[in-house]
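Worksheet: the structure to be examined is printed underneath.
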Amino acid sequence: QHKIVSNSSFKCFFRTIATRAHPLVLFLDDLQWADDLSLQLISALVRDTENNGFLFIGSYRDNEVGPSDLLSTLLHELDSAKVQMTNISVSSISKEDVNTLIADTVNMPQYLSKSLSDIVYQK
């Protein structure tokens, strides 16, 4: 049998390992697919005002989240509860920006990295 650990146990654990002297950042991607229990745990952790050494960063595809989805509900609840959040909207990167990024990464002139960046951009 599996035992579900309570949110208060997780909060105590995070308070123990995440301190001002040793902060903890938790990044979770694709929150649009998170289930209810996972979102409840995230909610409990970010609402915990006794933990000053914890930062949660979550990302999701806003084009895959509708107004009645669990994540939308959670975000609205956190906003209503005045939980401090910063929203950053990221759009698609241009073909030219991909080429610049690749050229800078491999330290090569952009005209030489163009064929590689074209392939990367198509993917």
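The set of residues in the stretch 54-75 that are farther than 26 Å from ARG20 by Cα, in contact with an Asp or Glu (Cβ under 9 Å, 6 or more places away or on another chain) and part of a loop (DSSP other than H, G, I, E, B) comprises TYR60, ARG61.
Of all the residues in the stretch 25-67, those that are in contact with a strand residue (DSSP E or B) (Cβ under 7 Å, 6 or more places away or on another chain) and either among the polar types (S, T, N, Q) or more than 19 Å from LEU78 (Cβ to Cβ) (or both) number 1. Exactly one residue out of ILE57, ILE93 is β-branched (Val, Ile, Thr), modelled with pLDDT of 95 or more and within 22 Å of the chain's Cα centre (by Cα): that is ILE57.
Could you tell me whether SER72 is at pLDDT below 95, under 28 Å from SER9 (Cα atoms) and either more than 13 Å from the chain's Cα centre (by Cα) or loosely packed, with under 15 Cβ neighbours inside 10 Å (or both)? In short, no. Among the residues of the stretch 3-10, is there at least one that is at pLDDT 90 or above and either more than 24 Å from LYS123 (Cβ to Cβ) or not in a loop (DSSP other than H, G, I, E, B) (or both)? No, every residue in the stretch 3-10 fails to be at pLDDT 90 or above and either more than 24 Å from LYS123 (Cβ to Cβ) or not in a loop (DSSP other than H, G, I, E, B) (or both).
Tell me which residues, restricted to the stretch 105-123, are in contact (Cβ under 8 Å) with a residue 24 or more places away in the chain and assigned to a loop (DSSP other than H, G, I, E, B). Within the stretch 105-123, no residue meets the criteria. Looking only at the stretch 75-123, how many residues end up being surrounded by 13 or more Cβ atoms within 10 Å (Cβ to Cβ) and of a type in the set (Val, Ile, Thr)? Of the residues in the stretch 75-123, 5 are surrounded by 13 or more Cβ atoms within 10 Å (Cβ to Cβ) and of a type in the set (Val, Ile, Thr). Scanning the stretch 29-53 for residues that are open to solvent by less than 60 Å² (accessible area, probe 1.4 Å), in contact (Cβ under 8 Å) with a residue 12 or more places away in the chain and either within 25 Å of VAL90 (Cβ to Cβ) or part of a helix (DSSP H, G or I) (or both) gives ASP30, LEU31, GLN32, ALA34, LEU39, LEU41, ILE42, SER43, ALA44, LEU45, VAL46.
The values are calculated or read from the model by the stated rules, or taken from the named source; none is laboratory data. Note that the coordinates shown come from a computational prediction; the quantities given were computed from them, not determined experimentally. Positions of Cβ are backbone-derived with ideal geometry, glycine not excepted, and every protein chain shown enters the neighbour counts. Note: accessible area is taken over every heavy atom of the protein model, side chains too, but ligands, DNA and RNA are not part of it. Shrake-Rupley method; radii C 1.70, N 1.55, O 1.52, S 1.80 Å.
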